[in-house]
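Peer 1: Got a structure for you, questions after.
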Protein chains: 6
Amino acid sequence: MATPVTNRRRSRASRAGSWIGRFPAGRLARMTTPSISRFPVPKLEDLPEDVRARIVEVQEKAGFVPNVFLTLAHRPAEFRAFFAYHDALMLKEGNLSKAEREMIVVATSGANDCVYCIVAHGAILRVYAKNPFIADQVAANYRKSDTTPRQKAMLAFALKVAQKSAEIVDEDFDALRAHGFTDEDIWDIGAIAAFFALSNRMANMISMRPNDEFFLLGRLPKSK
Amino acid sequence: MATPVTNRRRSRASRAGSWIGRFPAGRLARMTTPSISRFPVPKLEDLPEDVRARIVEVQEKAGFVPNVFLTLAHRPAEFRAFFAYHDALMLKEGNLSKAEREMIVVATSGANDCVYCIVAHGAILRVYAKNPFIADQVAANYRKSDTTPRQKAMLAFALKVAQKSAEIVDEDFDALRAHGFTDEDIWDIGAIAAFFALSNRMANMISMRPNDEFFLLGRLPKSK
Amino acid sequence: MATPVTNRRRSRASRAGSWIGRFPAGRLARMTTPSISRFPVPKLEDLPEDVRARIVEVQEKAGFVPNVFLTLAHRPAEFRAFFAYHDALMLKEGNLSKAEREMIVVATSGANDCVYCIVAHGAILRVYAKNPFIADQVAANYRKSDTTPRQKAMLAFALKVAQKSAEIVDEDFDALRAHGFTDEDIWDIGAIAAFFALSNRMANMISMRPNDEFFLLGRLPKSK
Amino acid sequence: MATPVTNRRRSRASRAGSWIGRFPAGRLARMTTPSISRFPVPKLEDLPEDVRARIVEVQEKAGFVPNVFLTLAHRPAEFRAFFAYHDALMLKEGNLSKAEREMIVVATSGANDCVYCIVAHGAILRVYAKNPFIADQVAANYRKSDTTPRQKAMLAFALKVAQKSAEIVDEDFDALRAHGFTDEDIWDIGAIAAFFALSNRMANMISMRPNDEFFLLGRLPKSK
Amino acid sequence: MATPVTNRRRSRASRAGSWIGRFPAGRLARMTTPSISRFPVPKLEDLPEDVRARIVEVQEKAGFVPNVFLTLAHRPAEFRAFFAYHDALMLKEGNLSKAEREMIVVATSGANDCVYCIVAHGAILRVYAKNPFIADQVAANYRKSDTTPRQKAMLAFALKVAQKSAEIVDEDFDALRAHGFTDEDIWDIGAIAAFFALSNRMANMISMRPNDEFFLLGRLPKSK
Amino acid sequence: MATPVTNRRRSRASRAGSWIGRFPAGRLARMTTPSISRFPVPKLEDLPEDVRARIVEVQEKAGFVPNVFLTLAHRPAEFRAFFAYHDALMLKEGNLSKAEREMIVVATSGANDCVYCIVAHGAILRVYAKNPFIADQVAANYRKSDTTPRQKAMLAFALKVAQKSAEIVDEDFDALRAHGFTDEDIWDIGAIAAFFALSNRMANMISMRPNDEFFLLGRLPKSK
């Protein structure tokens, strides 16, 4: 089986190269490939087969490997649990649209000042919402975003879970029910906020760097 | 196969009965079995086999089923990922003792005002540390706890991950290395704090109630 | 007259000895008697007669001398005022039950992260409420405690006095009156919260250590 | 014996009258005597003899009765303990000057947004320090006040006791010792901050109003 | 043309001299002229003509030169924009009285702990309101100030702009409209709070010192 | 003279049209032109000549009129002062590069959750820095941005001015001097942070919406 990401550093440098080549050297222009984690990033060929397969799969689908896969693969057992949890929340059936789930991720990651999650999930949100503006709005202040009152209520609850979960009371559930959310929807909202409380902290601790690709993804009309 | 927890409500009531029976009825004395979650708690016989097996196993080992198993079983896929993550962090080999890992849980759960995690993991900490005082100290203020300077440094980092992870800088890593922690130890510390950021938020959202057993566990010399 | 606490260090060690003896030496097991204050603790025989009498009285009643008496006796004039204030609030007639007054102490001490007051008054609360669970609940998060809506309103006001008293407005009084509290009850609630704002800060400053006895008190059915 | 404050409302109105008379009626000009407490203020003749004696004494000395005496007299037992505590801290011998003790009161009352204590103790600070500027500076931001580095260290510790006492560690004591403070001085500093944590909360809860006299006291060269 | 403030240090010393002379030398008594800024304060004759003219004008009107003029003159272009902005907000026509505008300044400066603005604008507020008490009340806690419910609503909005402007929602506008404020009034309130967010930060950064004159201004019946 | 922006709403809709046209109608897709301010936006022909000239000038230079010009033109006197202040700080000579000044704007606007300023100045930062990644990094967490240690020190000071300016002490100046900043540079840094404290609050209060153009600007290699 091929191992398409054997040399992460080279492939990233070549992807970013077009930028560096076209810009005259500004003082901030990147001369070397920046680290994507404070911890060692494993080589693809050194990973357990299932972890590697997951990474190859995402690369084939997305065209690149999001750094969260490469950096968390440093601990395969945690990697497996992390993505199993992620998939259980983000890929499950339910009343929340995919874009709405990503709104929750972006809003709470903004509250937690997590560069990786804001940038990476901001890109996914733009794609799912087919809206190039929504992610930057929600990351900064959902109250000023192009979202519906129902979505604003959803994000208010998600931020309460993210920031002061001990203060959640029955009235918070009632407020969501008044917008038509079922209790299962509320679990989804809260659980996504809770899972990214974990994800944001891991990314901040290991200083996970977003892939260059995410910054532009979903911003151009032609992008998928 | 036997299903030893088929009737959660009855079994809990009988366990707590000794208390209620012996106390004259104070104004706070519990007359009814309190809810252990805002969400439905599945019956054991309705659960997927692997989830049920895990629950039976913990009951046989602990003598009762901690409510985190019953309440999170409402979502089997999330249940599996949650405990896989938990085990990957709490049962793995490493330089942190089991008591130290529980200290991290108790300190960060204290910061997040999570009744379930403070009480349940406080019990586990008492047992592992063979110390009936440590959990209440660490839950309230690790600076005033019977811990070593090395453990206090560990808890300071864990609380920074729990409360302001965006401000983690290289100097925080240096401070732990000065106490002899390896980078893998630091990942363990931060990842446990991050995982319980998730766990605390879930418990707060669903209003998870600690089992009566936890309150006393590890407080008496003869207790295991 | 006998001076039953002449040698504080020895007597504490012997009280705690049963624990240490029965536990195999864990890494956290206590080898030496820990300090109960950052400041000198006077010998009983060196104290003014009235201060000594108060201490002897409490020992005869409780079976041990809570460390708050020993540590604050370092300053007899302040000791007298402190306990006069305490008694004026905690022993007076009024509509608040003794358990309810201790709930206020435990909830606000939890907010102030005061190990001594959480542990010592948690014990007293368990005894008064004849409830082994209530103190740990209230210390962590009163919203998730086995208390009535009226008691939760009481604790919400107490915490507002403890944490942002400048924001108290007439509406806060109205909310309590709606639960049947009189204005004198409200003074009681606020004054207890205010007094323990003092007490918590003193305990935190001098690093007052709770007696070992408090950790278990009120947790067993047979305990008084 | 004369009861010089039998009619609080009238006497206050007459004291304030000079102001109202001389100002043309601005829209904020006071037309009625404002309440000095949310709770009933007792008449002097209804008070226990010792409480009344204390009030008469302060009136003779200061020329008016500070409202803290009148409003707290609503609860004589608490009144006695409050002023016994106050006197034990503020009138005792020690290395802190009277002005320095008042600085602590003003700085921590500023942090607690307590109108009564800022205004009343600001006046006392001006008088003791013989400095018409110091109180307004310290109430707003001690870092910008005309105080010595030693006094700024004292105020930093007092504010830590007032605002985050759980975080006090041995290094905080060392920092004060480096400025020549003894451990007894440190107790004084911390205890004053702790006592006014109580006082500020009581004043905020009952909405204690500062006497008009305090606003100008100590601002004019000739004032006592 | 005369340059009446050519020697700032001397003139300030002589103004303050009466105080120093009349007070026996307390330990806080000022022996030297304190700095009014961390940055150089230009001499009047070195300033551009328009800046100098503005300063001369204010001196003739007020009898002294507020230090904000002297300290900000270090940067003439910013000086011009600052006072143009100030005048556009504070001198314009509108429904807010001059005293109300200064209330906004004092309340938000209190929240930002800005010594200069609290003291200087507190003086102006006393003069405009013809009320010697209002400024100290509003600086500490507007909820306890002698203001109308309408003014308290105004100050609540101003403080929200000052402290958590991202959370402003349409309901905040509705609350002000319910008190009769027009949308133009609301812009005025918010813009004054926003402008002093700038002003407070500049004053805090450069450590701007209030003139001695401001402390007493508007406190005596005869003062204008 | 031509008035190129006479019909703001139409022109914005047509600019955004390409997006809306090419995306299949997602649930978030914009059907109507959103408001750019809570307050009326003046027509260009109704503005004073100097204000209009400024707007025409910026349109000719940028190709569109940033909404800050249109929304603040509601108050011409404030508009003039605002942009005079802006230009005095952002266009002046000095040691800070244009990109560094915009970093300060983006970092402090991120701290203030100001959607307009993050998006608009993020675009300008990308252009000046010739770096498509820098703005999203700095808005979320400057510690994880591709900036030099010197720039990180600059941003730490700017954020202290933005968030807790009262705590600025001489040591903060020393820390910047250690990186080679002059005192004039420090004024620049602090004044830019202070000015955008004003700007962020105005934008949040009026709910200023960023132009669609800003979201993409500076993200593509060919863009200037």
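Peer 1: Put a point 7 Å out from Cα along the line to Cβ at B:E45; what are the distances to that point in the other copies, in nm, shortest first?
Peer 2: 5.6, 7.3, 8.2, 8.2, 10.3
Peer 1: Something else about it: With all protein chains present, calculate the accessible area of D:W187 using a 1.4 Å probe and round the result to the nearest 10 Å².
Peer 2: Counting only protein heavy atoms, the figure is 0 Å².
Peer 1: Using alpha-carbon positions, what is the distance between the centroids of the stretch B:43-105 and the stretch D:87-131, in Å?
Peer 2: 56 Å
Peer 1: How many percent of the accessible area of the stretch E:35-175 is carbon or sulfur, using a 1.4 Å probe? All intermediate terms of the calculation are to be shown ahead of the outcome.
Peer 2: Numbers: 2420 of 4750 Å².
That share works out to 51 percent.
Peer 1: Taking the stretch C:88-160, which GluC sites (Glu not before Pro) meet the DSSP loop condition and have no more than 16 other C-beta atoms within 10 Å?
Peer 2: In loop regions of the stretch C:88-160 (DSSP not H, G, I, E or B), the sparsely surrounded GluC sites (Glu not before Pro) are C:E93.
Peer 1: Separate question: Run the label-point distances for F:L220 please: 7 Å along Cα to Cβ, every other copy, nanometres, shortest first.
Peer 2: Copy-to-copy label distances for F:L220: 0.6, 7.2, 7.5, 7.5, 7.8 nm.
Peer 1: What does the buried accessible surface come to for B and A, summed over both chains, with the probe at 1.4 Å? Round to 100 Å². Numbers along the way, then the final one.
Peer 2: Working: alone 12250 and 12310 Å², together 20870 Å².
Chain pair B/A: roughly 3700 Å² of buried accessible area.
Peer 1: Compute, for the stretch D:95-157, the length of the dipole vector about the Cα centre, with Cβ point charges of +1 (Lys, Arg) and -1 (Asp, Glu) only. Units Debye, rounded to 20.
Peer 2: The calculation lands at about 200 debye.
Peer 1: Along the stretch E:209-214, what does the Karplus equation 6.51 cos²θ - 1.76 cosθ + 1.60 (θ = phi - 60°) give for ³J(HN,Hα), rounded to whole Hz, x for Gly and Pro?
Peer 2: 9, x, 4, 3, 4, 5
Peer 1: Pick out, from C:A123, C:L89, C:V51, the residue whose Cα sits farthest towards the positive end of the charge dipole of the stretch C:45-189, with +1 on the Cβ of Lys and Arg and -1 on the Cβ of Asp and Glu.
Peer 2: Ranked along the dipole, the leading option is C:A123.
Peer 1: For the stretch C:120-224, rounded, prolate or oblate, judged on the Cα gyration tensor with a ≥ b ≥ c (square roots of eigenvalues), a/c < 1.5 rounded, else prolate if a/b > b/c?
Peer 2: oblate
Peer 1: Can you name the chain A residue with its Cβ nearest the rotation axis from A to F, and give the distance in Å as a whole number?
Peer 2: Chain A residue with minimal Cβ-axis distance: A:R219, 3.
Peer 1: Shifting gears a bit: Could you give the dipole magnitude of the stretch A:53-140 about its Cα centre, charging the beta-carbon of Lys and Arg +1 and that of Asp and Glu -1, in debye to the nearest 20?
Peer 2: It works out to roughly 120 debye.
Peer 1: Between copies, how far apart are the B:P76 label points? List them in nm, one decimal, shortest first, with each point 7 Å from Cα toward Cβ, please?
Peer 2: Distances between equivalent label points, in nm: 2.7, 7.3, 7.3, 7.3, 8.1.
Peer 1: Right, next: Label points 7 Å out from Cα along the Cβ direction at A:E171 and B:E167: separation in nm?
Peer 2: The modelled label-to-label distance comes out at 3.0 nm.
Peer 1: How many Å² of accessible area per residue for the stretch F:131-216, probe 1.4 Å?
Peer 2: 26 Å²
Peer 1: Explain nothing, just compute: Karplus ³J(HN,Hα) = 6.51 cos²θ - 1.76 cosθ + 1.60, θ = phi - 60°, for every residue of the stretch C:46-59 in order, whole Hz, x for Gly and Pro.
Peer 2: Using θ = phi - 60°, the values come out as 8, 8, x, 4, 5, 5, 4, 4, 5, 5, 4, 4, 5, 5 Hz.
Peer 1: Also, I was wondering about something else. Which parts of the stretch E:38-59, residue by residue, lose 30 Å² or more of accessible area when the rest of the protein chains are there, as against the chain isolated (1.4 Å probe)?
Peer 2: Going by heavy-atom accessible area, the residues of the stretch E:38-59 that drop by at least 30 Å² are E:R38, E:F39.
Peer 1: Straight-line reach from D:K164: which lysines fall under 21 Å, measuring Cα to Cα and dropping same-chain residues less than 8 apart?
Peer 2: Leaving aside lysines fewer than 8 places away in the same chain, those within reach of D:K164 are A:K164, B:K144, B:K152, B:K160, B:K164, C:K160, C:K164, D:K152, F:K160, F:K164.
The values are calculated or read from the model by the stated rules, or taken from the named source; none is laboratory data. Note that the structure is a prediction, hence the values are computed from the model and not measured. All Cβ positions, even for glycine, are placed from backbone atoms using ideal geometry, and neighbour counts span all protein chains on display. The protein model used for the area step is the full one, side chains on, heavy atoms only, and it has no ligands, DNA or RNA in it. Shrake-Rupley method; radii C 1.70, N 1.55, O 1.52, S 1.80 Å.
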